[in-house]
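Quick notes on the structure that follows.
The values are calculated or read from the model by the stated rules, or taken from the named source; none is laboratory data. No experiment lies behind these values; they were computed from the predicted model shown. Neighbour counts run over all protein chains shown; Cβ positions are idealised from the backbone, glycine included. The accessibility values were calculated without ligands, DNA or RNA, using every heavy atom of the protein model including side chains. Shrake-Rupley method; radii C 1.70, N 1.55, O 1.52, S 1.80 Å.
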Amino acid sequence: MAPKSLSLLVVVCSILLASASTKASIGGWQPISNLTDPKVVEIAEFAVKQHNMKVNVMLQLVSVIKGETQIVNGVNYKLVISAMDTLAKMTGSNYQVVVWDKPWTKERNLTSFEKIA
């Protein structure tokens, strides 16, 4: 009887552990380890381009400072970027941007673009 109980306990613990790790990766934000990855830079450039068209400014991406991804019905990219205003010849400012990307359907949307201190 004791070996069956121990086996059942191991199985239950394994299921709980697997469930906890799945919840952390689906829906939770995960840090981006390589901020110079071409895909990350492409997402940042997309955000700047969309923002420029929306508010009629000429920001230019300087760099990606920080980033996280979230698995949803696609991937949310939350990035902190540095961008400079080329028309006003102002030095770089930091912005937090969120872009939703669903590459298998070629859908991509700028969700938010906010200047941060």
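Key figures
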quantity	calculated
Subset of region 63-76 [open to solvent by 40 Å² or more (accessible area, probe 1.4 Å) and under 17 Å from residue 32 (Cβ atoms)]	63, 65, 66, 68, 71, 72
Output for region 80-102, where each listed residue is charged (D, E, K, R) and buried (at least 16 other Cβ atoms within 10 Å of the Cβ)	101
Where a residue in region 72-98 is at positive phi and at pLDDT 95 or above and its partner, wherever it lies, is open to solvent by 30 Å² or more (accessible area, probe 1.4 Å) and of a type in the set (Phe, Trp, Tyr), with Cβ under 9 Å and at least six apart	74/100; 74/104
